[in-house]
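The values are calculated or read from the model by the stated rules, or taken from the named source; none is laboratory data. All figures in this text were calculated on a predicted structure; none of them were measured in a lab. For neighbour counting, all protein chains shown are included, and Cβ atoms are generated from backbone atoms with ideal geometry for every residue, glycine included. The area values use the complete protein model at the heavy-atom level, side chains included, leaving out ligands, DNA and RNA. Shrake-Rupley method; radii C 1.70, N 1.55, O 1.52, S 1.80 Å.
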Amino acid sequence: MYAIRQNKEGKSMSTFEELAKTVAELKQEVDRLKAARECSNLVGRWLFYAPSCRFEEICSLWAQHSEGTRMEVHGFIYEGIRGVRQYFLNENIAHDNLELRKGLMNVQVGTTEVMEVAEDGETARATYISPGLETDVYRNRPGFEELVADLGLEEGKAYGKWAWKKYAFEFIREDGIWKIWRFRQYPFIKTPYERCWTTKLPFPAAAYENNGSDRVSSSPRWFYGVNAIYPDYDPD
(Lines give C-alpha, C1' and ligand atoms only; values in the text may rest on other atoms or scores of the structure.)
Protein backbone atom coordinates (compact mmCIF):
# COMPACT_ATOMS: atom_id res chain seq x y z
CA MET A 1 0.00 0.00 0.00
CA TYR A 2 1.10 3.56 -0.68
CA ALA A 3 1.54 5.93 2.22
CA ILE A 4 -1.16 8.61 2.23
CA ARG A 5 -0.83 12.16 3.61
CA GLN A 6 -2.65 15.46 3.35
CA ASN A 7 -1.28 18.05 0.89
CA LYS A 8 -1.55 21.82 1.40
CA GLU A 9 -5.05 21.90 -0.06
CA GLY A 10 -6.21 19.25 2.38
CA LYS A 11 -6.50 16.57 -0.30
CA SER A 12 -5.04 13.11 0.07
CA MET A 13 -2.13 12.27 -2.21
CA SER A 14 0.22 9.33 -2.19
CA THR A 15 3.92 9.99 -1.81
CA PHE A 16 4.41 7.85 -4.93
CA GLU A 17 2.26 10.18 -7.02
CA GLU A 18 4.07 13.22 -5.66
CA LEU A 19 7.44 11.64 -6.36
CA ALA A 20 6.45 10.73 -9.90
CA LYS A 21 5.27 14.30 -10.52
CA THR A 22 8.48 15.75 -9.11
CA VAL A 23 10.63 13.45 -11.23
CA ALA A 24 8.67 14.39 -14.38
CA GLU A 25 9.07 18.10 -13.62
CA LEU A 26 12.79 17.73 -12.96
CA LYS A 27 13.26 15.75 -16.17
CA GLN A 28 11.46 18.45 -18.15
CA GLU A 29 13.68 21.12 -16.58
CA VAL A 30 16.87 19.14 -17.29
CA ASP A 31 15.75 18.56 -20.88
CA ARG A 32 15.17 22.29 -21.36
CA LEU A 33 18.59 23.12 -19.89
CA LYS A 34 20.20 20.61 -22.24
CA ALA A 35 18.26 22.12 -25.13
CA ALA A 36 19.50 25.61 -24.24
CA ARG A 37 23.10 24.35 -24.23
CA GLU A 38 22.68 22.63 -27.60
CA CYS A 39 21.09 25.70 -29.19
CA SER A 40 23.83 27.92 -27.78
CA ASN A 41 26.41 25.58 -29.33
CA LEU A 42 24.70 25.96 -32.73
CA VAL A 43 25.30 29.71 -32.59
CA GLY A 44 28.88 29.19 -31.42
CA ARG A 45 29.57 26.81 -34.30
CA TRP A 46 28.11 29.31 -36.80
CA LEU A 47 30.38 32.09 -35.49
CA PHE A 48 33.36 29.71 -35.52
CA TYR A 49 32.75 28.48 -39.08
CA ALA A 50 32.05 31.86 -40.64
CA PRO A 51 35.55 33.45 -40.64
CA SER A 52 36.98 30.53 -42.63
CA CYS A 53 34.00 30.50 -45.03
CA ARG A 54 32.89 27.01 -43.96
CA PHE A 55 29.42 27.65 -45.33
CA GLU A 56 28.50 24.03 -46.01
CA GLU A 57 28.96 23.38 -42.30
CA ILE A 58 26.83 26.41 -41.46
CA CYS A 59 24.06 25.12 -43.74
CA SER A 60 24.18 21.77 -41.92
CA LEU A 61 23.26 23.57 -38.68
CA TRP A 62 19.93 24.61 -40.20
CA ALA A 63 16.60 22.76 -40.25
CA GLN A 64 16.55 20.83 -43.50
CA HIS A 65 12.84 20.21 -43.99
CA SER A 66 10.89 22.01 -41.23
CA GLU A 67 8.16 24.33 -42.43
CA GLY A 68 8.82 28.02 -41.82
CA THR A 69 12.62 27.92 -42.07
CA ARG A 70 13.75 31.45 -42.89
CA MET A 71 16.67 33.86 -42.65
CA GLU A 72 16.92 37.63 -43.09
CA VAL A 73 20.18 39.40 -43.94
CA HIS A 74 20.63 42.99 -45.15
CA GLY A 75 16.83 43.30 -45.23
CA PHE A 76 16.48 40.42 -47.70
CA ILE A 77 14.52 37.32 -46.73
CA TYR A 78 15.47 33.80 -47.83
CA GLU A 79 12.88 31.03 -47.41
CA GLY A 80 13.56 27.41 -46.56
CA ILE A 81 16.84 25.53 -46.63
CA ARG A 82 16.98 26.28 -50.36
CA GLY A 83 17.13 30.00 -49.56
CA VAL A 84 19.70 29.44 -46.81
CA ARG A 85 21.95 27.57 -49.22
CA GLN A 86 21.39 30.23 -51.89
CA TYR A 87 22.70 32.91 -49.56
CA PHE A 88 25.67 31.04 -48.11
CA LEU A 89 26.83 29.02 -51.11
CA ASN A 90 25.88 31.12 -54.13
CA GLU A 91 26.10 34.70 -52.90
CA ASN A 92 29.32 34.43 -50.91
CA ILE A 93 31.89 34.54 -53.67
CA ALA A 94 34.70 33.24 -51.46
CA HIS A 95 32.85 30.04 -50.51
CA ASP A 96 34.85 27.58 -52.61
CA ASN A 97 37.54 29.84 -54.05
CA LEU A 98 40.75 29.82 -52.02
CA GLU A 99 42.21 32.64 -54.08
CA LEU A 100 39.33 34.96 -53.21
CA ARG A 101 39.58 33.99 -49.53
CA LYS A 102 43.06 35.46 -49.24
CA GLY A 103 43.05 38.46 -46.93
CA LEU A 104 39.56 37.86 -45.55
CA MET A 105 39.05 37.91 -41.78
CA ASN A 106 35.44 38.56 -40.83
CA VAL A 107 34.79 37.78 -37.17
CA GLN A 108 31.62 38.27 -35.09
CA VAL A 109 31.41 37.59 -31.35
CA GLY A 110 28.19 36.41 -29.74
CA THR A 111 27.62 38.22 -26.42
CA THR A 112 24.73 39.03 -24.03
CA GLU A 113 22.98 35.77 -24.80
CA VAL A 114 19.34 35.48 -23.76
CA MET A 115 18.12 31.94 -24.45
CA GLU A 116 14.55 30.73 -23.88
CA VAL A 117 13.29 27.20 -24.47
CA ALA A 118 9.56 26.65 -24.90
CA GLU A 119 7.79 24.64 -22.22
CA ASP A 120 7.09 21.79 -24.63
CA GLY A 121 10.81 21.53 -25.39
CA GLU A 122 10.28 21.62 -29.15
CA THR A 123 11.33 25.20 -30.01
CA ALA A 124 13.61 27.87 -28.56
CA ARG A 125 14.77 31.40 -29.27
CA ALA A 126 17.76 33.59 -28.44
CA THR A 127 19.11 37.10 -28.91
CA TYR A 128 22.66 38.42 -29.03
CA ILE A 129 24.56 41.66 -29.37
CA SER A 130 27.55 40.92 -31.60
CA PRO A 131 30.58 43.20 -31.85
CA GLY A 132 32.76 42.29 -34.80
CA LEU A 133 35.34 43.22 -37.36
CA GLU A 134 35.41 42.75 -41.11
CA THR A 135 38.61 42.60 -43.11
CA ASP A 136 38.10 42.45 -46.86
CA VAL A 137 40.18 42.74 -50.00
CA TYR A 138 38.45 44.79 -52.67
CA ARG A 139 37.66 43.01 -55.93
CA ASN A 140 36.04 44.92 -58.76
CA ARG A 141 32.31 44.25 -58.38
CA PRO A 142 29.41 46.22 -59.87
CA GLY A 143 27.23 48.08 -57.40
CA PHE A 144 30.03 49.10 -55.05
CA GLU A 145 30.91 52.36 -56.81
CA GLU A 146 29.80 54.66 -53.97
CA LEU A 147 31.61 52.55 -51.40
CA VAL A 148 34.76 52.48 -53.54
CA ALA A 149 34.74 56.27 -53.85
CA ASP A 150 34.13 56.75 -50.11
CA LEU A 151 37.01 54.49 -49.05
CA GLY A 152 39.38 55.20 -51.93
CA LEU A 153 39.54 51.53 -52.78
CA GLU A 154 41.48 49.97 -55.58
CA GLU A 155 41.81 46.42 -56.85
CA GLY A 156 43.52 44.17 -54.30
CA LYS A 157 43.51 46.74 -51.49
CA ALA A 158 42.63 45.46 -48.01
CA TYR A 159 40.40 47.49 -45.74
CA GLY A 160 39.02 46.96 -42.25
CA LYS A 161 35.67 47.86 -40.70
CA TRP A 162 33.98 47.69 -37.34
CA ALA A 163 30.74 45.74 -37.72
CA TRP A 164 28.34 45.63 -34.78
CA LYS A 165 25.13 43.67 -35.14
CA LYS A 166 22.29 42.10 -33.21
CA TYR A 167 21.07 38.59 -33.89
CA ALA A 168 17.68 36.96 -33.36
CA PHE A 169 17.61 33.16 -33.58
CA GLU A 170 14.81 30.63 -33.39
CA PHE A 171 15.49 26.92 -33.07
CA ILE A 172 13.46 23.76 -33.63
CA ARG A 173 13.86 20.08 -32.83
CA GLU A 174 13.99 18.32 -36.18
CA ASP A 175 14.09 14.53 -36.08
CA GLY A 176 15.10 14.81 -32.43
CA ILE A 177 18.06 17.10 -33.15
CA TRP A 178 18.18 20.84 -32.46
CA LYS A 179 18.58 22.98 -35.58
CA ILE A 180 18.50 26.68 -36.46
CA TRP A 181 14.99 27.44 -37.72
CA ARG A 182 14.82 31.20 -38.24
CA PHE A 183 17.38 33.98 -38.15
CA ARG A 184 17.36 37.74 -38.49
CA GLN A 185 20.39 40.01 -38.53
CA TYR A 186 20.12 43.59 -37.26
CA PRO A 187 23.21 45.59 -38.32
CA PHE A 188 23.54 48.95 -36.60
CA ILE A 189 27.18 50.04 -36.86
CA LYS A 190 29.48 49.50 -39.83
CA THR A 191 32.31 51.97 -40.23
CA PRO A 192 36.00 51.97 -41.24
CA TYR A 193 38.25 51.33 -38.24
CA GLU A 194 39.87 54.77 -38.44
CA ARG A 195 36.55 56.66 -38.34
CA CYS A 196 34.07 57.38 -35.57
CA TRP A 197 31.17 54.95 -35.51
CA THR A 198 28.77 57.85 -36.09
CA THR A 199 29.95 57.83 -39.72
CA LYS A 200 28.41 54.82 -41.40
CA LEU A 201 29.50 53.35 -44.70
CA PRO A 202 27.34 53.73 -47.81
CA PHE A 203 25.27 50.57 -48.24
CA PRO A 204 25.90 49.05 -51.69
CA ALA A 205 22.22 48.40 -52.37
CA ALA A 206 22.79 48.08 -56.12
CA ALA A 207 25.11 45.15 -55.52
CA TYR A 208 22.25 43.20 -53.93
CA GLU A 209 19.46 44.05 -56.36
CA ASN A 210 19.81 40.81 -58.31
CA ASN A 211 20.44 38.46 -55.42
CA GLY A 212 18.53 35.22 -54.97
CA SER A 213 16.38 36.30 -52.02
CA ASP A 214 12.66 35.53 -51.99
CA ARG A 215 11.49 38.96 -50.86
CA VAL A 216 12.47 42.20 -49.16
CA SER A 217 11.65 42.67 -45.48
CA SER A 218 8.93 45.17 -44.60
CA SER A 219 10.64 45.90 -41.26
CA PRO A 220 12.80 49.03 -41.22
CA ARG A 221 16.57 48.59 -40.81
CA TRP A 222 17.81 50.71 -37.91
CA PHE A 223 21.17 52.45 -38.05
CA TYR A 224 22.68 55.02 -35.76
CA GLY A 225 21.99 58.64 -36.71
CA VAL A 226 22.21 61.97 -34.91
CA ASN A 227 18.40 62.08 -34.71
CA ALA A 228 17.88 58.33 -34.23
CA ILE A 229 16.54 56.83 -31.01
CA TYR A 230 17.77 53.37 -30.10
CA PRO A 231 14.78 51.02 -30.55
CA ASP A 232 13.08 49.19 -27.70
CA TYR A 233 12.85 45.39 -27.86
CA ASP A 234 14.53 45.04 -31.23
CA PRO A 235 14.81 42.08 -31.52
CA ASP A 236 11.82 41.34 -29.32
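Being within 27 Å of Trp46 (Cα to Cα) and of a type in the set (Lys, Arg), is that true of even one residue in segment 210-224?
yes
Starting from segment 209-229, take each residue that is surrounded by 12 or more Cβ atoms within 10 Å (Cβ to Cβ) and list its partners that are charged (D, E, K, R), counting only C-beta distances under 6 angstrom and pairs at least six apart or across chains.
Cβ pairs passing all conditions: Asn211/Glu91; Asp214/Glu79; Ser217/Glu72; Phe223/Lys200.
For segment 171-194, how many residues meet the condition of being aromatic (Phe, Trp, Tyr), within 26 Å of Gly68 (Cα to Cα) and either in contact (Cβ under 8 Å) with a residue 60 or more places away in the chain or assigned to a loop (DSSP other than H, G, I, E, B) (or both)?
Looking only at that region, the number is 4.
State which residue is farthest from Glu209 (Cα to Cα) when the search covers only segment 88-112 and only residues that are modelled with pLDDT of 90 or more and open to solvent by less than 60 Å² (accessible area, probe 1.4 Å).
Per the criteria, the residue is Thr111.
Would you be able to say whether some residue in segment 15-24 is over 21 Å from Val114 (Cβ atoms) and aromatic (Phe, Trp, Tyr)?
The answer is yes; a qualifying residue exists.
Any residue at all in segment 140-150 that's open to solvent by 60 Å² or more (accessible area, probe 1.4 Å), under 23 Å from Arg85 (Cβ atoms), among the basic types (Lys, Arg) and assigned to a loop (DSSP other than H, G, I, E, B)?
yes
Go through segment 51-87 and count every residue that is part of a strand (DSSP E or B) and open to solvent by 30 Å² or more (accessible area, probe 1.4 Å).
Of the residues in segment 51-87, 3 are part of a strand (DSSP E or B) and open to solvent by 30 Å² or more (accessible area, probe 1.4 Å).
Would you check which residues across segment 195-206 are part of a helix (DSSP H, G or I) and either under 22 Å from the mean Cα position of the chain (by Cα) or at pLDDT 75 or above (or both) and list them?
Ala205
Tell me which residues, restricted to segment 189-208, are hydroxyl-bearing (Ser, Thr, Tyr) and either within 26 Å of Thr112 (Cα to Cα) or open to solvent by 100 Å² or more (accessible area, probe 1.4 Å) (or both).
Scanning segment 189-208 gives Thr191, Tyr193, Thr198, Thr199.
Is segment 95-105 home to any residue that is touching a strand residue (DSSP E or B) at 6+ places or on another chain (Cβ under 6 Å) and of a type outside the set (D, E, K, R)?
yes
Restricting the first residue to segment 137-165 and requiring it to be under 18 Å from Tyr208 (Cα atoms) and acidic (Asp, Glu), which pairs with a second residue that is outside any loop (DSSP other than H, G, I, E, B) and open to solvent by less than 70 Å² (accessible area, probe 1.4 Å) meet a Cβ separation below 9 Å and a spacing of at least six or different chains?
Taking only residues 6 or more apart or on different chains, the pairs are Glu145/Ala206; Glu146/Ala206.
Inside segment 122-138, can you point out the residues that are modelled with pLDDT of 90 or more, surrounded by 14 or more Cβ atoms within 10 Å (Cβ to Cβ) and part of a loop (DSSP other than H, G, I, E, B)?
Of everything in segment 122-138, just one residue is modelled with pLDDT of 90 or more, surrounded by 14 or more Cβ atoms within 10 Å (Cβ to Cβ) and part of a loop (DSSP other than H, G, I, E, B), namely Pro131.
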